[in-house]
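The values are calculated or read from the model by the stated rules, or taken from the named source; none is laboratory data. It should be emphasised that the depicted structure is a prediction, and the values quoted were computed from it without experimental measurement. Cβ placement follows ideal geometry from the backbone for every residue including glycine, while neighbour counts extend to all protein chains displayed.
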Amino acid sequence: MFLFRLLSYLPLGVLHGLGAVVGWLNWLLSPSYRALFKGNVALAGLDLRQTRGAIAHAGRMLFEMPWLWLRPAHRALGQRARWEGVELIDSALAQGRGVVFMTPHMGSFEVTAQAYAERYAATHGPITVLFRPAHQAWVRELVDVSRGRAGLATAPATLAGVRQMIRALRRGETIGLLPDQVPPQGMGVWVPFFGRPAYTMTLGARLLQQTGAVPLLAWGERLPWGRGFVVHVRPGPEIPPGSSPECAAQIINQAMEALIRLAPEQYLWGYKRYKAPRALETDPAKNAS
């Protein structure tokens, strides 16, 4: 916590510079990380030339966290977070049906929630984001501090959290999900992601089907030299009525894939997307490889 608080006072550009160095050191010193990174890139039909930038961006993501999570409340993002496609949010909120933000592990996914909270929470209520409680006490403390920012609410990846998100949507508020995050056992289905079976959350589609909320895709582009971020917003995937959980999850996976291909140099290719939930003894993805 002391180190994180110390880092939070450094300029964003300095943190991004340090993060880039650490990202490349991790690449050079960890054969297992390189193998995971290259394997995920190959599954997406890309090559290292298109994704090399993601090596540094992985470190930048880590080092910007103290700045995003622990900076004083009066230090707003302001012009550090610009918008592209904000009219889609305005239109969705005007319908009063609630909004489901879907963001992959791409760019600064933390900044999308904070930027939304600063712009809309005062008039349209907080944004509620799904999270998985950390096992380490110091990480839980960090998360508690960061999620305590004005306009941000959290919902755990449990049935109670699902009910909380449904209530938020029915009030016409916004919730945020990372659909490419491996969900807990029982909250997902096995469907392809970049051609390989991946355990994929069904929550996003269920929330859309149960509440009639508006789906939107969003990701926070990390600008060079600490100049801030651009939050890009795109129309979200439409789930046909009566779709099976597998069909709905596949539609959302395809939307995530298309979004990632727009800026593959900012995707977190080192994320273990194809792992199984702990309680599952077999991994269909391994059997299909």
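The rows are residues; the columns are (1) in contact (Cβ under 8 Å) with a residue 60 or more places away in the chain; (2) buried (at least 16 other Cβ atoms within 10 Å of the Cβ).
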site	(1), (2)
Ile239	no, yes
Glu246	no, no
Ile252	yes, yes
Met256	yes, yes
Leu259	yes, yes
Pro264	yes, yes
Tyr267	yes, yes
Tyr271	yes, yes
Ala276	yes, yes
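Of everything listed in (1) hydrophobic (A, V, I, L, M, F, W, C); (2) in a strand (DSSP E or B); (3) at pLDDT 95 or above, the single unmet condition for Val129 is (3). The listed residues are Glu257, Glu238, and the only one of them that is under 26 Å from Ala94 (Cβ atoms), out of contact with any Gly (no Cβ under 7 Å at 6 or more places or on another chain) and of a type in the set (Asp, Glu) turns out to be Glu238. If you take the residues in region 105-126 that are among the small types (Gly, Ala, Ser) and in a loop (DSSP other than H, G, I, E, B), which one is nearest to Gln79 (Cα to Cα)? For region 105-126, the residue satisfying everything is Ser108. Where residues in region 78-104 are in a loop (DSSP other than H, G, I, E, B) and within 19 Å of Ile252 (Cα to Cα), which of them is farthest from the chain's Cα centre (by Cα)? Only one residue tops the list, namely Gly98. Here Leu10 does not qualify as surrounded by 13 or more Cβ atoms within 10 Å (Cβ to Cβ), at pLDDT 95 or above and touching a Phe, Trp or Tyr at 6+ places or on another chain (Cβ under 9 Å). Only one of the listed residues (Pro179, Pro184) is farther than 27 Å from Glu87 by Cβ, part of a loop (DSSP other than H, G, I, E, B) and not polar (S, T, N, Q). That residue is Pro184. Checked against the criterion of being part of a helix (DSSP H, G or I), over 20 Å from Phe194 (Cα atoms) and not hydrophobic (A, V, I, L, M, F, W, C), the candidates Arg60, Arg75 yield just one match: Arg60.
With respect to Gly53, determine if the residue is within 26 Å of Arg196 (Cα to Cα) and under 20 Å from the mean Cα position of the chain (by Cα).
Considered against the rule, which asks whether it is within 26 Å of Arg196 (Cα to Cα) and under 20 Å from the mean Cα position of the chain (by Cα), Gly53 comes out as yes.
Does region 27-45 contain at least one residue that is over 25 Å from Met256 (Cα atoms) and buried (at least 20 other Cβ atoms within 10 Å of the Cβ)? Among the residues of region 27-45, not one is over 25 Å from Met256 (Cα atoms) and buried (at least 20 other Cβ atoms within 10 Å of the Cβ), which makes the answer no. Only one of these conditions is not met by Thr202: (1) crowded, with 24+ Cβ neighbours inside 10 Å; (2) free of Cβ contacts under 8 Å to residues at least 60 places away in the same chain. Which number is it? Evaluating Thr202 over (1) crowded, with 24+ Cβ neighbours inside 10 Å; (2) free of Cβ contacts under 8 Å to residues at least 60 places away in the same chain leaves (1) as the failure.
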